[in-house]
1. Out of the residues in the stretch 56-79 that are under 20 Å from VAL218 (Cβ atoms) and aromatic (Phe, Trp, Tyr), state the one that is surrounded by the fewest Cβ atoms within 10 Å (Cβ to Cβ).
2. Filtering the stretch 1-55 down to residues that are of a type in the set (D, E, K, R) and buried (at least 20 other Cβ atoms within 10 Å of the Cβ), which residue is nearest to VAL255 (Cα to Cα)?
3. Applying the selection to the stretch 239-256, what residues are more than 16 Å from ALA10 (Cα to Cα), in contact with a helix residue (DSSP H, G or I) (Cβ under 7 Å, 6 or more places away or on another chain) and surrounded by 18 or more Cβ atoms within 10 Å (Cβ to Cβ)?
4. If a residue must be within 16 Å of the ligand (Cβ to nearest atom), not charged (D, E, K, R) and not in a loop (DSSP other than H, G, I, E, B), how many such residues does the stretch 179-192 contain?
5. With respect to VAL195, is the statement that it is part of a helix (DSSP H, G or I), farther than 29 Å from ASP5 by Cα, among the β-branched types (Val, Ile, Thr) and out of contact with any Asp or Glu (no Cβ under 6 Å at 6 or more places or on another chain) true?
6. So which residues in the stretch 317-341 are surrounded by fewer than 24 Cβ atoms within 10 Å (Cβ to Cβ) and either in contact with a Lys or Arg (Cβ under 8 Å, 6 or more places away or on another chain) or assigned to a helix (DSSP H, G or I) (or both), if there are any at all?
7. Does ILE30 fit the bill of being within 14 Å of the ligand (Cβ to nearest atom), in a helix (DSSP H, G or I) and hydrophobic (A, V, I, L, M, F, W, C)?
8. Return the total of residues in the stretch 274-300 being in contact with a strand residue (DSSP E or B) (Cβ under 8 Å, 6 or more places away or on another chain), over 14 Å from LYS329 (Cβ atoms) and away from the ligand (no atom under 12 Å from the Cβ).
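Every number in this text was worked out from the coordinates using simple rules, so none of it is lab data. These figures come from a predicted structure and were not determined experimentally. Because the Cβ atoms are built from the backbone with ideal geometry, glycine has one as well, and the counts that use them run over all protein chains shown.
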Amino acid sequence: MNLADLNKVALAMVTPGQGILAADESSGTIKKRFDAIKVESTEDNRRDYRELLFRSQEAMRQYISGVILYDETIWQNAKDGTPLVRLIEQAGSIPGIKVDEGTQPLPACPGELITVGLDKLADRLKKYYERGARFAKWRAVIDIGADIPSMTAIHANAHALARYAALCQAAQIVPIVEPEVLMDGDHDIDRCVEVTSRVLNKTFQELRIQRVALEGMVLKPNMAVSGKKCARQAPVAEVAEKTVQMLKRCVPAAVPGIAFLSGGQSDEEATAHLDAMNRLGPLPWRLTFSYGRALQAAPQKAWGGRSENVAAAQAAFAHRARMNALASKGQWESGLEKKAA
Ligand code: 13P
């Protein structure tokens, strides 16, 4: 493992004024997104849609530091035969790959999940590296309910995240470590902070035990937010303060950067929260975005599966990317949203 090079890639992924496009929806998830815009989820339609994003010159060249791909996409070629990975590289962005294989029920823990995909991961990482991937992603899912999460679920998922991260670094690939505490449910923001803190603490304990070099990774956490069904929705300033305080308590300064998931927040909420946090600086690490839905909902709607809408979809993507890029520097203003609309 060459830690200096891993660190260089990790820092590039969290370049101020840039962030990560999470375009790694599994076949099931992209079908759900396409259903919503009445587009059939065929291999060609998935290719056309992702090609549209990666050929979006303004967004990709200026605001997107890296793209997380799904296995199907990393092996796909654009309509003209160029590998999609090359389009990303040509835009000056870094290709990455989701390597977990989804979740399964965790035995003896009703309602809880464990992320799978460690078997043969070392072999898969080698092939992904040869294809151009320089970072990877593994998502653990923790749900909040009356009696969950259990310590068992937190421990088992943290252990798997650290096993994955160690294998990535051995393959000269930067691991994005993503322990996602879901925002479904009626819990308040303080319960989210309590659970997320436990999850982060356990995750970093496991990363240390398994000798993962913190300088060569990126953390992808949820923010501290109220559950979607909670009667009291914490305002932007409270989300920012509580998230930053929680992260300062749990995330070592050796980690080069933190790139948040959007997790079901609205486009503008995800941007406003990131912006408010970056205004609380100076911070020990760079804070940016690694959004899926909060970057893609607008372009998906504008596209609707029609080639005549490609330019409009690219403009919608560029707009969200630019808003979040500004938020990564604490320079976003809500007025900029209205001007564009
Ligand atoms: P969302 O931003 O839509 O939560 O997706 C990010 C992601 O990669 C979740 O694993």
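1. TYR70
2. ASP24
3. VAL239, ALA240, LYS242, THR243, VAL244, MET246, CYS250
4. Narrowing the stretch 179-192 to residues within 16 Å of the ligand (Cβ to nearest atom): 179-185, 192.
Okay, now just the ones that are also not charged (D, E, K, R), so 179, 181-183, 185, 192.
From what's left, not in a loop (DSSP other than H, G, I, E, B): 179, 181, 192.
Within the stretch 179-192, residues that are within 16 Å of the ligand (Cβ to nearest atom), not charged (D, E, K, R) and not in a loop (DSSP other than H, G, I, E, B) number 3.
5. Working: part of a helix (DSSP H, G or I): yes; farther than 29 Å from ASP5 by Cα: yes; among the β-branched types (Val, Ile, Thr): yes; out of contact with any Asp or Glu (no Cβ under 6 Å at 6 or more places or on another chain): yes.
Yes: the conditions hold for VAL195.
6. ALA318, HIS319, ARG322, LEU326, GLY330, GLY335, LEU336, GLU337, LYS338, LYS339, ALA340
7. Numbers: within 14 Å of the ligand (Cβ to nearest atom): yes; in a helix (DSSP H, G or I): yes; hydrophobic (A, V, I, L, M, F, W, C): yes.
For ILE30, the condition - within 14 Å of the ligand (Cβ to nearest atom), in a helix (DSSP H, G or I) and hydrophobic (A, V, I, L, M, F, W, C) - is met.
8. The first filter runs over the stretch 274-300 and keeps only residues in contact with a strand residue (DSSP E or B) (Cβ under 8 Å, 6 or more places away or on another chain), leaving 274, 277-278, 285-292, 295-296.
Okay, now just the ones that are also over 14 Å from LYS329 (Cβ atoms), so 285, 290-292, 295-296.
Applying the additional criterion that residues be away from the ligand (no atom under 12 Å from the Cβ) yields 285.
Residues that pass the stated criteria total 1.
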